[in-house]
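> Below you will find the structure I want to go over with you.
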Amino acid sequence: MALCCLLPCSLMAQSSVADFVSLPNYSQLQLSPSGQYLSALRLYGDDQVLVVTDLKARETQGVLRVDNLQNKLNWYHWASDDTLLFSVETIRRDNDARYAIRRLQKMTLGKDSRPRPVVRLRDTHGQIGLVHTPQFTDRVIDFLPDDPDHVLLALDLDTPNLPAIYQVNIHNGREKRLQPARDGYDRWWTDRQHRIRLGYGRNKKQEYYRLNDIDGDGHRTLWDNDPEFKRSLSILGFGLDPNELYISAPHEKRRAVFKVDLTSESLERTLVLSDPQYNLYGSLLYSPVSGEAVGLSAPDRVHGTRYWSKEYLSLQRALDKALPDDNNALIAFSADQQKYILKSRTRISPGDYYLGDRSKGSLDYIGSELPGVTDANFAGHQRTQFETLEGRVFDGYLTLPIGYDGKRPLPTLLLPFNGPASSVPGSYDKWSALLASRGFAVYQPDLSFQISDGSHTTGRLLGERGEQLQHELIDIMDYLIETGVADPKQICLIGRGNSALLNLLTAAQYPDRVHCTASFGAITDIPMLRSQSESFVNGDIVRRNLDHSKPRHRSHSPVNLADKLSQPQLLVHGTDDRIATIEHSERLHQALLRAKQPVELVTLEASDTALENQTHRVQAMSALVAFLEKNLTL
């Protein structure tokens with residue numbers, strides 16, 4: 001039985017642009033612990049609404065509405081079978097600075113008419129002698145599933161940006177401090193027995209991990225004798241055995257999952273999961289019954305969710321047999337593991353959702369993320385790999401218009417992407433799907449401009465690695481021209497953030513190879529970026545990364561290269577972008593106008609450049625299509 005009758009499915013007619021780039025019709029699906037309630041974030045008009053459906057009573061109610069301008073839902077969690085916890089974000093503006101305020105809220109079905117704050121905020125006088133209210137109250141360390149009335153939170157109630165760990169009652173806000181703040185430490189993990197075990201901190205010189213003993217009487221620091229490996233790893237979580245820690249770390253030029261033996265002096269690592277083709281990213285997936293780590297959850301990544309548990313592998317094989325042409329991922333379970341939610345993707349589908357019941361052997365359709373995307377308007381991506389004469393191997397994804405016969409070269413768009421922080425093509429990608437539908441060839445090269453420690457650094461793009469990446473873009477253009485895909489006189493670069501900076505530097509260096517560029521949230525003024533970073537807690541990291549290339553800050557800032565940027569330029573920027581403020585695009589816009597260069601500026605009011613608001617998303621993507629159709633000949 002399809003569940004479309006249980007969850008409201010009607011949507012207003014959408015434009016062809018919105019068909020491809022709209023916020024998902026369904027996202028963030030979860031089940032309550034008993035499996036009685038199914039929750040989902042739904043799109044209604046320009047807003048997203050978190051709805052809860054009682055699967056027994058066949059009744060649906062909306063519990064939270066966000067517009068992704070004034071407020072945004074970061075995540076939510078079923079604390080018990082009738083109580084939901086939310087992380088809700090708002091943007092605060094303080095003169096030229098814009099920063100996020102995140103609050104933990106709760107709602108009990110049948111009792112609360114609206115979400116209510118969990119933490120009782122009070123003004124405190126910290127060490128700096130000023131009134132302080134925490135910026136974040138949603139940093140949950142442990143949801144304490146065996147104690148649904150409480151959570152463990154990291155809160156800086158006394159000293160700004162120096163959190164202590166509290167046990168907080170989600171119903172009345174009473175808190176009990178379990179661990180005082182420790183200088184430099186701002187992130188903590190508990191083990192599966194809910195003990196505070198691992199902390200992460202940093203100073204201007206290094207970063208460090210502190211492991212508390214199981215009995216809490218002592219501690220030691222980890223990986224001090226291998227700082228390069230320490231910089232490269234990320235923590236996934238503890239196993240059921242409190243002396244087992246799962247991490248993500250480099251393995252054979254890819255990222256893989258390891259299990260660390262914490263009783264070993266050398267911190268012996270065992271490879272758990274790897275793939276020769278993909279970097280494996282995601283979150284640790286635990287069995288709600290046994291508590292064991294069973295896999296890596298990544299339903300929206302090209303490599304999908306992966307399991308090492310025999311039970312989960314068996315269920316996965318059964319689902320793959322039922323839906324053989326799809327990429328299937330289990331994304332939620334009831335506490336007894338009898339009910340589950342399946343996300344299924346194909347080469348053209350961003351995702352279809354199903355509700356499964358193992359006790360009944362049933363699998364019922366819920367809905368689709370983007371019902372407007374079909375095989376009539378999107379043909380999917382082709383993964384490509386080629387090797388240059390110098391032996392450099394390139395991976396990427398090519399998207400072609402439906403019906404393209406290969407008899408003539410096409411206007412071609414290059415969209416470099418940058419690892420886990422950006423859109424990862426391979427399954428559905430709104431940029432390439434929309435642009436290919438308009439007749440363009442789209443190529444997304446994985447240039448991997450991450451440095452070895454996993455940091456995404458603007459400074460890296462200003463040095464030798466940046467010059468190498470520019471050469472690599474030219475090599476990719478040559479490949480696309482030689483294979484007959486790209487028209488050499490009609491190649492445009494599109495990027496966001498760091499990739500936009502790379503594109504602008506490439507366009508300035510190779511003006512005869514690049515016909516136009518479109519930049520979303522571009523970094524254009526490196527000295528200004530460094531100066532603005534002083535307003536933020538992690539500014540020392542930004543400055544440290546930039547200072548490696550300090551002599552090039554002015555010469556490699558696009559605002560100082562306007563005379564070389566002779567191609568048509570599109571600049572799209574949100575007024576509330578917190579990484580690269582809108583002044584970056586405004587300054588480049590003015591510089592290009594003074595140099596009498598062709599340029600268009602699109603401003604997204606009260607938005608960032610992640611395009612999380614429906615209206616701004618359609619507006620920005622429509623402006624991109626209009627710009628390309630104006631400057632490229634189909």
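> Each label point is 7 Å from the Cα along the Cα-to-Cβ direction; what then is the distance between the points at residue 531 and residue 335, in nm?
With each label point 7 Å from Cα toward Cβ, the separation is 5.7 nm.
> Follow-up question, since we're still on this one. Restricting to the chain, compute how many DSSP beta bridges are antiparallel as a %, nearest 5.
Percent antiparallel among DSSP bridges in the chain is about 85.
> Another question about this same structure. Could you pull out the trypsin sites (Lys or Arg not before Pro) across the stretch 313-363 that fall in loop regions by DSSP (anything but H, G, I, E, B) with no more than 12 other Cβ atoms inside 10 Å?
Passing sites in the stretch 313-363 are 360.
> Can you work out the accessible area per residue across the stretch 342-390, with the rest of the protein chains kept in place, probe 1.4 Å, in square angstrom?
Per residue, the stretch 342-390 has 48 Å² of solvent-accessible surface.
> Please state the relative contact order of the stretch 231-322 as a whole percent: Cα pairs under 8 Å, 6+ residues apart?
17
> Still on this structure: Shape call for the stretch 303-401 from the C-alpha gyration tensor, a ≥ b ≥ c root eigenvalues: rounded (a/c under 1.5), prolate (a/b greater than b/c) or oblate?
oblate
> Another question, if that's okay. Whenever you get a sec, compute what percent of the accessible area on the chain sits on carbon and sulfur atoms (1.4 Å probe).
46
> Based on the Cβ-Cβ distance of residue 195 and residue 135, what FRET efficiency does E = 1/(1 + (r/R0)^6) give at R0 = 41 Å, to the nearest 0.05?
0.95
> Give me the dipole magnitude in Debye, nearest 20, for the chain about the Cα centre, with unit charges on the beta carbon: positive for Lys and Arg, negative for Asp and Glu.
Its charge dipole is roughly 700 debye.
> Still on this structure: Any chance you could run the full-extension gain for residue 606 through residue 46? It's 0.36 nm times the residue separation minus the Cα-Cα distance, nm to one decimal.
200.1 nm
> Compute and list, largest first, the equivalent-ellipsoid semi-axes of the stretch 178-276 from the alpha carbon gyration tensor, each √(5λ) rounded to a whole angstrom.
Equivalent ellipsoid of the stretch 178-276: 22, 17, 12 Å, largest first.
> May I ask you to derive the FRET efficiency for residue 626 and residue 478 from their Cβ-Cβ distance with R0 = 35 Å, giving the value to the nearest 0.05?
Efficiency computed from Cβ-Cβ geometry: 0.75.
> Does the stretch 183-238 come out rounded, prolate or oblate, given a ≥ b ≥ c as the square roots of the eigenvalues of its C-alpha gyration tensor, rounded meaning a/c under 1.5 and, failing that, prolate meaning a/b above b/c?
prolate
> Could you work out the pair-distance distribution P(r) of the chain from its alpha-carbon pairs, with 10 angstrom bin width and percents rounded to whole numbers?
Going out from 0 Å in 10 Å bins, the chain shows 3, 14, 24, 28, 21, 9, 1, 0 percent.
> Moving on to the next point. Towards the positive end of the charge dipole of the chain, with charges on Cβ (+1 Lys, Arg; -1 Asp, Glu), say which of 20, 409, 248 has the farthest Cα.
Farthest along the dipole direction, towards plus: 20.
> Taking 7 Å along the Cα-to-C-beta vector as the label spot, tell me the residue 321-residue 203 distance in nanometres, rounded to one decimal.
5.9
> May I pose another question? Tell me the Rg and the Dmax, in Å, that the Cα atoms of the stretch 271-314 produce.
When restricted to the Cα atoms of the stretch 271-314, Rg and Dmax are 10.5, 32 Å.
> Follow-up. How long are the semi-axes of the equivalent ellipsoid of the stretch 33-116, defined as square roots of 5 times the Cα gyration tensor eigenvalues? Whole Å, largest first.
In descending order, the three semi-axes are 27, 14, 9 Å.
> For residue 308 and residue 65, what is the calculated FRET efficiency with R₀ set at 45 Å and r taken between the beta-carbons, to the nearest 0.05?
Here the calculated transfer efficiency is 0.70.
> Next question. By the gyration tensor of its Cα atoms, with a ≥ b ≥ c the square roots of the eigenvalues, what is the shape of the stretch 225-346: rounded for a/c under 1.5, prolate for a/b over b/c, or oblate?
Taking the square roots of the gyration eigenvalues as a ≥ b ≥ c, the stretch 225-346 is oblate.
> Mind ranking 576-582, 168-174, 57-63 by how tightly packed they are, going by the mean number of other C-beta atoms within 10 angstrom, highest first?
576-582, 168-174, 57-63
> Can you tell me the length gained on complete extension of the stretch residue 16 to residue 593, counting 0.36 nm per residue apart and subtracting the Cα distance?
Contour length minus the Cα-Cα distance gives 204.5 nm.
> Related question: Give me the accessible area per residue for the stretch 279-338, probe 1.4 Å, as a whole number in Å².
45
> Per residue, how much accessible area does the stretch 199-257 show when a 1.4 Å probe rolls over the protein heavy atoms, in square angstrom?
With all protein chains present, the stretch 199-257 gives 51 Å² per residue.
> Helix-only mean residue ellipticity at 222 nm, the chain, DSSP H runs n ≥ 4 weighted -39,500 (n - 2.57), per residue, nearest 500. What is it?
-5500 deg cm²/dmol
> Can you tell me, using C-alpha contacts under 8 Å and at least 6 residues apart, the relative contact order of the chain as a whole percent?
Answer for the chain is 9 percent.
> Follow-up question, since we're still on this one. Using a Cα-Cα cut-off of under 20 Å, which lysines could be cross-linked to residue 106, ignoring same-chain neighbours fewer than 8 residues away?
72, 176
> Next question, about the same structure. Which one of 117, 437, 214 has its Cα pushed farthest toward the positive end of the charge dipole of the chain, where Lys and Arg give +1 and Asp and Glu give -1 at the Cβ?
The one lying farthest along the dipole's positive direction is 117.
> Give the separation of the Cα centroids, the stretch 22-100 to the stretch 330-357, in Å.
That distance is 18 Å.
> Same structure again: Please go through the residue pairs 259/339; 321/343; 321/430; 343/430; 56/339; 253/343 and name each one whose alpha carbons sit more than 20 Å apart in this structure.
Over 20 Å Cα-Cα: 259/339; 321/430; 253/343.
> Sticking with the crude label model, points 7 Å out along Cα→Cβ, report the distance from residue 220 to residue 287 in nm, one decimal please.
Each label point is offset 7 Å from its Cα along the Cβ direction, giving 3.0 nm.
The values are calculated or read from the model by the stated rules, or taken from the named source; none is laboratory data. What you see is a predicted model; the values in this text were computed from it and never measured. Cβ: placed from backbone, ideal geometry, glycine included. Neighbour counts: every protein chain shown. These accessible areas exclude ligands, DNA and RNA; they are computed on the full protein's heavy atoms, side chains included. Shrake-Rupley method; radii C 1.70, N 1.55, O 1.52, S 1.80 Å.
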